[in-house]
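Data block below; observations after.
Coordinate-derived values only; no laboratory data. What you see is a predicted model; the values in this text were computed from it and never measured. Glycine gets a Cβ as well: all are built from the backbone with ideal geometry, and neighbour counts include every protein chain shown.
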Amino acid sequence: MDEEYDVIVLGTGLTECILSGIMSVNGKKVLHMDRNPYYGGESSSITPLEELYKRFQFLEGPPESMGRGRDWNVDLIPKFLMANGQLVKMLLYTEVTRYLDFKVVEGSFVYKAGKIYKVPSTETEALASNLMGMFEKRRFRKFLVFVANFDENDPKTFEGVDPQTTSMRDVYRKFDLGQDVIDFTGHALALYRTDDYLDQPCLETINRIKLYSESLARYGKSPYLYPLYGLGELPQGFARLSAIYGGTYMLNKPVDDIIMENGKVVGVKSEGEVARCKQLICDPSYIPERVRKAGQVIRIICILSHPIRNTNDANSCQIIIPQNQVNRKSDIYVCMISYAHNVAAQGKYIAIASTTVETSEPEKEIEPALELLEPIDQKFVAISDLYEPIDDGSESQVFCSCSYDATTHFETTCNDIKDIYKRMVGSAFDFENMKRKQNDVFGEADQ
């Protein structure tokens, strides 16, 4: 271990593994360490089921009705991939897709007045939806056509809207959309967690709705994908990429100290040895003194023996409960997957409800989601602190990732990856940098 590296990475969460993959592809010498004996850090999938019970301090293990423990892979952080989003693009460019299999999530639903409805996102679905009355449907259809045709580089498509100055609130007003439609457009299509976006320029929202529609258009049932065997497969896929390009991996490796000289990182000490480096990437748990708490997320993992009611017996789905519907500032999310994804025993479903904590009674806040899931065989409650770095790392060359937020997709995580990359390298992130080099020494036999 007593060697000099360009980059040392601490923690094998998804953010860290993608960055070590990119750095290795770009010819950097990378050492990747994790104090845990498994990959994934905060974003791992726990298997067998007995491990999950232990992790949440259940003295008695799972009952026999749960089936074989090793048939389970339970995500600690529930998220889906947008079919046309940045993470899928990263997977395709790096060819990490060859290590993974995906299934399309079967449906996306939105909560209104205690019931759940399928999210209408095409003109046909909009006209058939029970979420809106007849006239509202026509206005919403007009709005969808406007968004689909909108091109920020072609003023002819603006219809009097200025993408940089017109607020989204004014765009909704222009199409005369009612509050319920605004709720599901902002939260179930544009996937905002709060309503702060209403008074910001509309371009970002229009692009988010476009991303949703384009993702949906790829596979039809919903815009979301999910990997077989759980999300823990994602960091492992990128770790393999790094290893192919000469990255060194050490699991179960305690980190005793991060060595600084004149305010700049020079190495990492572990079990008496020092590995030297020019730059360091890590998750917040490795540098508690360099991060600040930015809130909390509650996640409740629920094991069910039935699909969720009113979802056409889908074996996977997402439900969004817009904050207005339950008098909150931020949305509540439910991600549900099942035995069909090789993450649970036959006939079993895993639903994970999550939201940003707003009061001193987080479990009460998430009740509207749990009511949709009854009866629940077993619940595991986790309340996690969200951390963010206190500086940009330019002086110390220590680059820390942000904790995984309550959103149900990876777009915010990808933004964090692009941001860290830019700070480390000094130039904007470009997907081309992730492409495997065709004639590489570290090519694989099956290429």
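Per 10 Å bin, what is the whole-percent P(r) computed from every C-alpha pair distance within the range 116-229?
Going out from 0 Å in 10 Å bins, the range 116-229 shows 13, 47, 32, 6, 1 percent.
Which cross-chain or sequence-distant (5 or more) residues have an amide H under 5 Å from the amide H of Ser121, H modelled 1.01 Å from N in plane?
Amide H neighbours of Ser121, under 5 Å, 5+ apart: Ala126.
Which lysines, on any chain, are close to Lys142 with Cα under 18 Å apart, when same-chain ones fewer than 8 places away are left out?
Leaving aside lysines fewer than 8 places away in the same chain, those within reach of Lys142 are Lys156, Lys174, Lys210.
Using only Cα atoms, tell me the angle between helix 203-219 and the longest principal axis of the chain; keep it within 0 to 90° and round to the nearest 10.
90
Give me the angle, in degrees from 0 to 90, between the Cα long axis of helix 233-244 and the longest principal axis of the Cα atoms of the chain, rounded to the nearest 10.
Compared with the principal axis, the helix lies near 40 degrees.
Calculated from the structure, Rg and Dmax of the Cα atoms in Å equals which of (i) 22.6, 72; (ii) 24.2, 85; (iii) 21.1, 63?
(i)
Given H placed 1.01 Å from N in the peptide plane, which residues other than close sequence neighbours of Leu228 have an amide H under 5 Å from its amide H?
Amide H to amide H, under 5 Å and 5 or more residues apart or across chains, Leu228 pairs with Asp101, Phe102, Lys103.
Of Tyr249, Ile308, Pro288, which is farthest along the charge dipole of the range 236-309 in the positive direction, counting Lys and Arg as +1 and Asp and Glu as -1 at C-beta?
So the residue furthest toward the plus end is Ile308.
Could you check which residue among Leu59, Leu304, Leu14 shows the biggest mean-square fluctuation in a GNM of the chain with a 10 Å Cα cutoff?
Largest GNM mean-square fluctuation: Leu59.
Show that you can apply the helix-only estimate: for the chain, add -39,500 (n - 2.57) for every DSSP H stretch of four or more residues, divide by all residues, and state [θ] at 222 nm to the nearest 500. Could the numbers behind the result be given before it?
Values: 12 runs with 118 residues, N = 447.
Mean residue ellipticity at 222 nm (helix-derived): -7500 deg cm²/dmol.
In whole Hz, with x marking every Gly and Pro, tabulate ³J(HN,Hα) for the range 404-411 from phi via Karplus 6.51 cos²θ - 1.76 cosθ + 1.60, θ = phi - 60°.
In residue order, the calculated couplings are 6, 7, 7, 5, 9, 8, 9, 4 Hz.
From a point 7 Å beyond the Cα of Glu4 in the direction of its Cβ, which residues of the range 252-283 have a backbone N at a distance under 11 Å?
Only 276-278 pass the distance filter.
Return the loop-located chymotrypsin sites (Phe, Trp or Tyr not before Pro) in the range 58-124 (DSSP other than H, G, I, E, B) with at most 15 other Cβ atoms within 10 Å of their own Cβ; answer none if there are none.
Sites meeting the loop and neighbour criteria: Phe58.
Expressed in nm to one decimal, what extension gain is obtained for the pair Glu159 and Arg173 from 0.36 nm per residue of sequence separation less their Cα-Cα distance?
On the way: separation 14, 0.36 × 14 = 5.04 nm, distance 1.35 nm.
So the extension gain works out to 3.7 nm.
Taking the chain as a Gaussian network, where each spring joins two C-alpha atoms under 10 Å apart, which residue of Ala406, Ala351, Ala294 fluctuates the most?
Per the Cα network of the chain with a 10 Å cutoff, Ala294 tops the list.
From the phi of every residue in the range 151-168, what ³J(HN,Hα) in whole Hz does the Karplus formula 6.51 cos²θ - 1.76 cosθ + 1.60 yield, where θ is phi - 60° and glycine or proline is x?
Working through the residues one at a time gives 9, 4, 9, 10, x, 5, 8, 6, 6, x, 9, 9, x, 8, 10, 5, 7, 5 Hz.
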